[in-house]
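Beneath this line is the structure, given in structure tokens, with notes to follow.
Coordinate-derived values only; no laboratory data. These numbers were taken from a predicted model, which means no experiment stands behind them. Backbone-built Cβ (ideal geometry, glycine too); neighbour counts: all protein chains shown.
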């Protein structure tokens with residue numbers, strides 16, 4: 001069962017990457033972008049009929065990520081581990097898991113770009129793409145926190161912000177919403 005959960009998590013992250021690539025208008029011709037778009041196209045394109053793109057926000061890719069997370073609850077229902085009445089609760093859980101997935105993408109993206117800068121590999125096409133995804137999040141931190149000599153601690157502060165959001169704020173919000181609705 002853990003293998004299925006991991007597979008669905010990775011699939012959800014793939015759709016979130018597509019969402020972020022379109023949102024930040026990253027290089028569409030990058031080989032990694034092309035691969036992500038090809039892998040997710042068969043699901044996202046039909047969903048566009050129901051969930052249109054709003055500006056640069058691909059709501060179809062977002063819904064695909066949420067529905068994939070929610071699919072695990074349906075599997076548990078089919079196995080008899082969950083009741084059908086619990087599915088609305090798990091839809092809310094799926095939304096929070098997708099938010100956690102976005103945080104995870106930004107967290108590891110910032111670390112990858114930081115490591116690449118130490119290894120002088122910032123011009124690699126995949127690293128450029130990761131940088132394009134993480135830059136909108138890092139920009140406000142860089143404006144507020146200037147570099148100290150050659151050291152840029154804004155990325156560290158941004159990572160701490162993501163950890164606080166992931167470990168403190170997101171669980172509190174999820175618990176509050178679950179108690180409020182159910």
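Here are some notes:
- With 0.36 nm allotted per residue and the present C-alpha distance subtracted, the residue 173-residue 24 stretch has 51.0 nm of extension available.
- Rounded tilt (10° steps) of 170-181 against the dominant C-alpha axis of the chain: 30 degrees
- Based on Cα contacts under 8 Å between residues 6+ apart, the chain shows a relative contact order of 22 percent.
- Taking Cα atoms only, the orientation of helix 154-164 departs from the longest principal axis of the chain by about 20 degrees.
- Scattering from the chain was approximated by placing one identical point on each alpha carbon and applying the Debye formula without solvent; log10 I(q)/I(0) at 0.08, 0.17, 0.18, 0.20 1/Å stands at -0.30, -1.19, -1.28, -1.43.
- Cα long-axis angle, helix 31-47 against the chain (0 to 90 degrees, to the nearest 10): 30 degrees
- Burial order of peptide ranges 68-81, 15-28 (average beta-carbon count within 10 Å, highest first): 15-28, 68-81
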